[in-house]
Amino acid sequence: MNNNRKQKNGLTLLIFLTAGFLIYSGNLMDYYLCDDFAWLNLTKKYSFYSGEGLFRPINGFLFYLCELIAPGVPCLHHVLNLLIHIFNAYLVFKIAENLIKFYEKSGETFYKPYFIAVLAGLLFLISPFHAEAVVWISGIGTVSAAFFVLLSFYFYLKFNDKQKKIFLFYSLISYSLSLFTYESGMMLPLLILLFELFYCDKPFHKINFKNTALFFLILAGYIVIRIIYFGELFGGNFTEKIQANFKFSFLLENFAYYTFRLFCFPTYNNYLVILMVIIVIATVTYFFIKSLVKHKTNLFILSLFVLISAYLLIIPVISLEICYTNFQGGRLIYLPFAFISIFMIIVLSDIFKKFIFYTILILFFCINLFYVSRENLYWHKASVISENIINEISKIDSCENLIIINLPDNLKGAYIFRYSTFDNAIIFKKYDKHFAVSNLIITHDINDEDDPVDVNFNKKSGTIIVSGLYLPYYILENNSSIFKIDKIIGNRISIFIKNSSPKTTILYYSKGHLNYLESVCNIK
């Protein structure tokens, strides 16, 4: 029996490995993007550096390790991200299998439990929601933290089943590692407490909460270390107003957007978002009522536990905006979707009869494969743009003032140079020896790598007219004595150059490349 189970598990892992590498093979050679450069610069000096305002030493160490083994080779980072993602999918399969085992202890039978568990793992593996976390090198924190959280919960399930303390020890160690990788795992103690409440067959006052308390102690210790490290509980993203918002109305709105992104594919139609959220809530409500009416109490408990677990894991990121028009921000729902994958397969298998279930399943998986292929292509194109721009910058011999217009922020949600990450790219390539940090960068979202933009420079008036920018666009400046943003009208910007020194270079991005506008710099 054990040999048969090992063979099944081995075959499942092999299927996941094969599928994972087939889906993401086109991105294994992709170049660095935005935040990658910042991490690479910092980990050159500090092997456990967490990033300013962040406490993610294991994340920094993984960057450092890859660069130590193969400096300047993005492929190793991509392979590491992908392998961790594949093992996460396998852990989703094992967790689903063990949860179903607890369900069947009550005497109720489950339709093909092994098959259902495999489907849950496969859905997690191929979901297009994860392209950002898997393909983007900086997503290593997301996938590795999820790995430790899922591993910790899996070991806790084993401990609960076998009653062997060694599994509890493994679970505690894994949880500790998750906290020092990324903040997404902070809610695991609540998830484990929820499991005890849902699956313990003892009265509430007789439940032994000592084991659960150990996880809360680790969390408390982590919070103390974080406060000592920062002087406050929240740092990094949590203190940036541009990224985080704790207003109740915003959190309520975000709850709806996160619900939409967990269950649906992005859309530009706001009304469709509302409609889909209503449909999701109605379907889930129907499923739970149906389970109770048919006296499937344990199915109700299993499904409710998995659904609540997913939303518990959203809490650490609920204050961060998530895009509903494209797949941008998918890393924020990476860990919660592990439980949504299980929930979706359980609901579909119970609501629909076998033939309809298989038909819907095939269609659903095909749609996922289409979207993940498309998203991977966007990320690949984004990496090509990033590499082209960095290489073209190297053609400048010397320059004091650098103005770059229309630098792409992202390509349909695939980050290129979001926010102020371009300077880190320059430092990483050691081009800072040629010129000072840039004075002005205007970035915007692009819908295609060949998006054109109109840039004209009037030497007499010293004015640059930029038109054709996609909204929204972002203006990053660090030397207002050189220029002045004169007028902003819709997608048209007027820039007045106040002090153009003999070494001022003006570049603009259009149709996949940086173009030279005006300068007295030497160009190779």
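Could you tell me what % of all Cα pairs in region 2-351 have separations over 38 Å?
When all Cα pairs of region 2-351 are counted, 15 percent exceed 38 Å.
About its Cα centre, what dipole magnitude does region 109-205 give when the only charges are +1 on Lys and Arg Cβ and -1 on Asp and Glu Cβ, stated in debye to the nearest 20?
380 debye
Sort 250-256, 378-384, 509-515 by the packing proxy (mean of other Cβ within 10 Å over each peptide's residues), most packed first.
Highest to lowest by the protection proxy: 378-384, 509-515, 250-256.
Hey, which of these cross-link pairs are over 28 Å Cα-Cα: LYS8/LYS354; LYS296/LYS353; LYS6/LYS353?
LYS6/LYS353
I need the per residue convex hull volume for region 256-330, using only the alpha carbons, in cubic angstrom as a whole number.
For region 256-330, the hull spanned by Cα atoms encloses 80 Å³ per residue.
Length gain on complete extension for the stretch HIS513 to CYS366, per 0.36 nm per residue less the alpha carbon to alpha carbon distance?
49.5 nm
Please list 111-121, 131-141 highest first by mean number of surrounding beta-carbon atoms within 10 Å per residue.
Packing order, densest peptide first, comes out as 131-141, 111-121.
Neighbour counts of other C-beta atoms within 10 Å: give me TYR32, TYR199, TYR271 arranged from fewest to most.
The fewest-first ordering by Cβ neighbours comes to TYR271, TYR199, TYR32.
Could you order the peptides 214-224, 55-65 from most to least packed, using the average number of other C-beta atoms within 10 Å per residue?
Order by mean packing, descending: 55-65, 214-224.
Which of THR285, THR181, THR43 comes first, and how do the rest follow, when ranked by fewest Cβ neighbours within 10 Å?
Listing THR285, THR181, THR43 from fewest to most nearby Cβ atoms yields THR285, THR43, THR181.
Where a number appears in this text, it was derived from the coordinates with a stated rule and is not lab data. For clarity, every value in this text was computed on a predicted model and none was experimentally measured. Here Cβ is always computed from backbone atoms with ideal geometry, including for glycine, and neighbour counts include all displayed protein chains.
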